[in-house]
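I have placed the structure first, in the form of C-alpha coordinates, so that the comments after it can refer back to it.
The values are calculated or read from the model by the stated rules, or taken from the named source; none is laboratory data. None of the values given here were measured: they were computed from a predicted structure. We place every Cβ from the backbone using ideal geometry, glycine too, and count neighbours over all the protein chains shown.
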Amino acid sequence: MNNSVSNTGRLLWAGLRALLVLTLVTGVIYPLAVTGVAQTLFNDKANGSEVKADGRVVGSSLIGQAYNLPPKKGQKTPEPDLKWFQGRPQNGLGTNNVNTQYKLILSGATNRSADNKDLIDWVTTAKAAVVKDNSVPGYTVEPSEVPADAVTSSGSGLDPDISPAYAELQIHRVAEKNDLPVSLVQKLVDQHTEGRTLGFAGEPRVNVLELNIALKALTRVPPLVSLR
(Lines give C-alpha, C1' and ligand atoms only; values in the text may rest on other atoms or scores of the structure.)
Protein backbone atom coordinates (compact mmCIF):
# COMPACT_ATOMS: atom_id res chain seq x y z
CA MET A 1 0.00 0.00 0.00
CA ASN A 2 2.70 2.43 1.06
CA ASN A 3 4.82 1.32 -1.92
CA SER A 4 1.94 2.01 -4.32
CA VAL A 5 1.36 5.48 -2.91
CA SER A 6 5.08 6.20 -3.08
CA ASN A 7 5.27 5.13 -6.74
CA THR A 8 2.22 7.22 -7.58
CA GLY A 9 3.78 10.23 -5.86
CA ARG A 10 7.03 9.80 -7.81
CA LEU A 11 5.14 9.55 -11.09
CA LEU A 12 3.10 12.64 -10.33
CA TRP A 13 6.23 14.58 -9.35
CA ALA A 14 8.02 13.42 -12.52
CA GLY A 15 5.02 14.47 -14.62
CA LEU A 16 4.87 17.85 -12.91
CA ARG A 17 8.57 18.45 -13.50
CA ALA A 18 8.18 17.50 -17.17
CA LEU A 19 5.23 19.89 -17.45
CA LEU A 20 7.21 22.73 -15.86
CA VAL A 21 10.26 22.12 -18.05
CA LEU A 22 8.25 21.85 -21.27
CA THR A 23 6.25 24.95 -20.33
CA LEU A 24 9.47 26.87 -19.79
CA VAL A 25 11.06 25.61 -23.01
CA THR A 26 8.06 25.81 -25.37
CA GLY A 27 6.15 28.61 -23.69
CA VAL A 28 8.98 30.99 -22.79
CA ILE A 29 12.42 30.16 -24.20
CA TYR A 30 11.32 29.08 -27.69
CA PRO A 31 8.96 32.03 -28.35
CA LEU A 32 11.58 34.48 -27.10
CA ALA A 33 14.25 32.88 -29.29
CA VAL A 34 12.04 32.91 -32.40
CA THR A 35 10.95 36.50 -31.72
CA GLY A 36 14.55 37.57 -31.19
CA VAL A 37 15.72 35.99 -34.46
CA ALA A 38 12.77 37.41 -36.39
CA GLN A 39 13.24 40.94 -35.01
CA THR A 40 16.99 40.81 -35.66
CA LEU A 41 17.13 39.20 -39.11
CA PHE A 42 13.65 39.83 -40.54
CA ASN A 43 12.46 42.94 -38.73
CA ASP A 44 10.31 44.26 -41.58
CA LYS A 45 8.52 40.97 -42.28
CA ALA A 46 8.10 40.15 -38.59
CA ASN A 47 6.26 43.43 -38.06
CA GLY A 48 3.79 43.01 -40.91
CA SER A 49 5.79 44.42 -43.84
CA GLU A 50 4.52 47.88 -42.98
CA VAL A 51 4.53 50.63 -45.57
CA LYS A 52 5.03 54.18 -44.33
CA ALA A 53 4.23 57.51 -45.94
CA ASP A 54 4.35 61.00 -44.49
CA GLY A 55 5.77 59.60 -41.27
CA ARG A 56 2.94 57.16 -40.56
CA VAL A 57 2.02 53.57 -41.36
CA VAL A 58 -0.45 53.50 -44.26
CA GLY A 59 -0.70 49.77 -44.88
CA SER A 60 1.17 46.57 -45.57
CA SER A 61 2.99 45.63 -48.75
CA LEU A 62 1.34 42.20 -48.44
CA ILE A 63 -2.31 43.31 -48.37
CA GLY A 64 -4.24 45.22 -51.01
CA GLN A 65 -6.29 48.33 -50.38
CA ALA A 66 -9.25 49.98 -52.04
CA TYR A 67 -8.83 53.38 -53.71
CA ASN A 68 -12.39 54.64 -53.83
CA LEU A 69 -14.25 57.91 -53.59
CA PRO A 70 -16.19 58.48 -50.36
CA PRO A 71 -19.53 56.69 -50.78
CA LYS A 72 -22.52 58.88 -51.46
CA LYS A 73 -25.60 58.72 -49.26
CA GLY A 74 -27.39 55.44 -49.85
CA GLN A 75 -24.65 54.16 -52.15
CA LYS A 76 -23.75 50.53 -51.43
CA THR A 77 -20.75 50.23 -53.73
CA PRO A 78 -18.36 53.21 -53.78
CA GLU A 79 -16.95 54.33 -57.10
CA PRO A 80 -13.21 54.00 -57.76
CA ASP A 81 -11.16 57.17 -57.45
CA LEU A 82 -9.66 57.25 -60.93
CA LYS A 83 -6.79 59.54 -59.89
CA TRP A 84 -5.12 56.47 -58.43
CA PHE A 85 -3.92 53.20 -59.82
CA GLN A 86 -6.50 50.53 -59.05
CA GLY A 87 -5.78 47.06 -57.73
CA ARG A 88 -7.49 43.78 -58.47
CA PRO A 89 -11.25 43.39 -57.95
CA GLN A 90 -12.09 43.28 -54.26
CA ASN A 91 -15.04 40.90 -54.13
CA GLY A 92 -13.17 37.61 -54.33
CA LEU A 93 -15.70 35.94 -52.04
CA GLY A 94 -18.68 37.36 -53.82
CA THR A 95 -21.34 39.31 -51.97
CA ASN A 96 -21.32 38.57 -48.25
CA ASN A 97 -21.22 40.47 -44.99
CA VAL A 98 -17.76 39.32 -43.96
CA ASN A 99 -15.17 40.25 -46.55
CA THR A 100 -15.87 42.24 -49.67
CA GLN A 101 -13.45 45.18 -49.35
CA TYR A 102 -10.02 43.75 -48.47
CA LYS A 103 -11.12 43.13 -44.88
CA LEU A 104 -8.95 40.62 -43.07
CA ILE A 105 -11.57 38.63 -41.19
CA LEU A 106 -11.72 36.15 -44.02
CA SER A 107 -9.95 35.64 -47.32
CA GLY A 108 -10.52 33.38 -50.27
CA ALA A 109 -11.96 33.11 -53.75
CA THR A 110 -15.41 32.35 -55.15
CA ASN A 111 -14.37 28.88 -56.35
CA ARG A 112 -16.83 29.29 -59.20
CA SER A 113 -16.07 27.30 -62.34
CA ALA A 114 -15.09 29.04 -65.56
CA ASP A 115 -18.51 28.33 -67.08
CA ASN A 116 -20.46 29.69 -64.11
CA LYS A 117 -22.97 32.27 -65.41
CA ASP A 118 -22.56 34.61 -62.44
CA LEU A 119 -18.78 34.62 -62.86
CA ILE A 120 -19.04 35.19 -66.62
CA ASP A 121 -21.44 38.10 -66.12
CA TRP A 122 -19.26 39.60 -63.40
CA VAL A 123 -16.07 39.37 -65.50
CA THR A 124 -17.84 40.78 -68.56
CA THR A 125 -19.12 43.74 -66.53
CA ALA A 126 -15.72 44.28 -64.95
CA LYS A 127 -14.00 44.25 -68.34
CA ALA A 128 -16.42 46.83 -69.72
CA ALA A 129 -15.74 49.07 -66.70
CA VAL A 130 -11.96 48.75 -67.15
CA VAL A 131 -12.27 49.70 -70.84
CA LYS A 132 -14.53 52.67 -70.06
CA ASP A 133 -12.53 53.98 -67.08
CA ASN A 134 -9.14 53.78 -68.79
CA SER A 135 -10.08 55.12 -72.22
CA VAL A 136 -9.21 58.81 -72.34
CA PRO A 137 -8.89 61.30 -75.19
CA GLY A 138 -6.14 60.07 -77.49
CA TYR A 139 -5.98 56.61 -75.92
CA THR A 140 -8.59 53.90 -76.29
CA VAL A 141 -8.41 50.59 -74.46
CA GLU A 142 -9.49 47.57 -76.49
CA PRO A 143 -11.26 44.70 -74.66
CA SER A 144 -8.55 42.33 -75.88
CA GLU A 145 -5.95 44.42 -74.03
CA VAL A 146 -7.53 43.91 -70.59
CA PRO A 147 -5.41 41.44 -68.59
CA ALA A 148 -6.98 38.74 -66.43
CA ASP A 149 -5.95 40.33 -63.13
CA ALA A 150 -7.94 43.46 -64.00
CA VAL A 151 -11.22 41.53 -63.87
CA THR A 152 -10.55 38.69 -61.40
CA SER A 153 -9.51 38.64 -57.77
CA SER A 154 -6.64 36.54 -56.48
CA GLY A 155 -7.03 33.26 -54.64
CA SER A 156 -6.86 35.08 -51.31
CA GLY A 157 -8.80 38.14 -52.44
CA LEU A 158 -6.12 40.27 -50.73
CA ASP A 159 -3.46 40.48 -53.45
CA PRO A 160 -1.60 43.83 -53.19
CA ASP A 161 0.02 43.50 -56.62
CA ILE A 162 -1.09 43.83 -60.21
CA SER A 163 0.61 42.78 -63.41
CA PRO A 164 2.77 45.28 -65.31
CA ALA A 165 0.25 44.98 -68.15
CA TYR A 166 -2.60 46.19 -65.95
CA ALA A 167 -0.47 48.99 -64.50
CA GLU A 168 0.50 50.18 -67.99
CA LEU A 169 -3.11 50.05 -69.14
CA GLN A 170 -3.93 52.61 -66.43
CA ILE A 171 -1.07 55.02 -67.20
CA HIS A 172 -2.91 57.32 -69.63
CA ARG A 173 -5.93 57.64 -67.33
CA VAL A 174 -3.79 58.39 -64.25
CA ALA A 175 -1.73 60.91 -66.22
CA GLU A 176 -4.87 62.64 -67.54
CA LYS A 177 -6.60 62.77 -64.15
CA ASN A 178 -3.53 64.21 -62.43
CA ASP A 179 -2.36 66.54 -65.24
CA LEU A 180 0.94 64.68 -65.51
CA PRO A 181 2.94 63.76 -68.62
CA VAL A 182 2.35 60.18 -69.73
CA SER A 183 6.10 59.65 -69.91
CA LEU A 184 6.48 60.57 -66.23
CA VAL A 185 3.77 58.15 -65.11
CA GLN A 186 5.27 55.46 -67.35
CA LYS A 187 8.62 55.99 -65.66
CA LEU A 188 6.93 55.66 -62.27
CA VAL A 189 5.44 52.31 -63.24
CA ASP A 190 8.78 51.11 -64.61
CA GLN A 191 10.50 52.03 -61.35
CA HIS A 192 7.97 50.05 -59.31
CA THR A 193 7.86 46.94 -61.49
CA GLU A 194 9.45 43.97 -59.75
CA GLY A 195 10.72 40.94 -61.63
CA ARG A 196 10.23 37.29 -60.77
CA THR A 197 11.42 36.29 -57.30
CA LEU A 198 14.98 34.95 -57.56
CA GLY A 199 14.65 35.41 -61.30
CA PHE A 200 12.32 32.46 -61.89
CA ALA A 201 9.55 32.22 -59.26
CA GLY A 202 6.18 33.89 -59.76
CA GLU A 203 5.43 36.64 -62.24
CA PRO A 204 6.55 40.28 -62.66
CA ARG A 205 4.37 42.53 -60.51
CA VAL A 206 3.66 46.07 -59.35
CA ASN A 207 2.73 46.85 -55.75
CA VAL A 208 -0.26 49.21 -56.03
CA LEU A 209 0.12 50.85 -52.61
CA GLU A 210 3.78 51.69 -53.13
CA LEU A 211 3.05 52.92 -56.65
CA ASN A 212 0.27 55.22 -55.43
CA ILE A 213 2.48 56.60 -52.67
CA ALA A 214 5.06 57.51 -55.31
CA LEU A 215 2.29 59.03 -57.44
CA LYS A 216 1.06 61.11 -54.50
CA ALA A 217 4.55 62.58 -54.15
CA LEU A 218 4.25 63.93 -57.71
CA THR A 219 0.83 65.49 -57.28
CA ARG A 220 -1.02 67.88 -55.04
CA VAL A 221 -4.18 65.80 -54.85
CA PRO A 222 -5.63 65.05 -51.39
CA PRO A 223 -4.22 62.08 -49.45
CA LEU A 224 -5.32 58.61 -50.50
CA VAL A 225 -8.79 57.97 -49.14
CA SER A 226 -7.98 54.41 -48.12
CA LEU A 227 -4.65 55.05 -46.43
CA ARG A 228 -4.98 54.45 -42.71
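Here Arg173 passes the criteria (1) in contact with a strand residue (DSSP E or B) (Cβ under 8 Å, 6 or more places away or on another chain); (2) farther than 23 Å from Ile63 by Cβ; (3) surrounded by fewer than 18 Cβ atoms within 10 Å (Cβ to Cβ) except the one numbered (3). Is region 59-68 home to any residue that is over 21 Å from Val151 (Cβ atoms), in the same structural domain as Leu158 (by TED's automatic domain parsing) and of a type in the set (Ser, Thr, Tyr)? Yes: region 59-68 contains one or more residues that are over 21 Å from Val151 (Cβ atoms), in the same structural domain as Leu158 (by TED's automatic domain parsing) and of a type in the set (Ser, Thr, Tyr).
Candidates are the residues of region 39-95 that are acidic (Asp, Glu) and modelled with pLDDT under 80; the one that is farthest from Asp133 (Cα to Cα) is Asp44. Taking region 39-51 on its own, how many of its residues are within 24 Å of Asp159 (Cα to Cα) and more than 15 Å from the chain's Cα centre (by Cα)? Residues flagged as within 24 Å of Asp159 (Cα to Cα) and more than 15 Å from the chain's Cα centre (by Cα) within region 39-51 amount to 5.
Taking the criterion of being within 19 Å of Val174 (Cα to Cα) and more than 24 Å from the chain's Cα centre (by Cα), the residues of region 120-142 that qualify are Lys132, Ser135, Val136, Pro137, Gly138, Tyr139, Thr140, Val141, Glu142.
Looking only at residues in region 103-144 that are in a helix (DSSP H, G or I) and surrounded by fewer than 10 Cβ atoms within 10 Å (Cβ to Cβ), the one that is modelled with the lowest pLDDT is Lys117.
Residues checked against (1) in a loop (DSSP other than H, G, I, E, B); (2) surrounded by 20 or more Cβ atoms within 10 Å (Cβ to Cβ):
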residue: Ser153; (1), (2): yes, yes
residue: Gly157; (1), (2): yes, yes
residue: Glu168; (1), (2): no, no
residue: Ser183; (1), (2): no, no
residue: Gly199; (1), (2): yes, no
residue: Glu203; (1), (2): yes, no
residue: Ala217; (1), (2): no, no
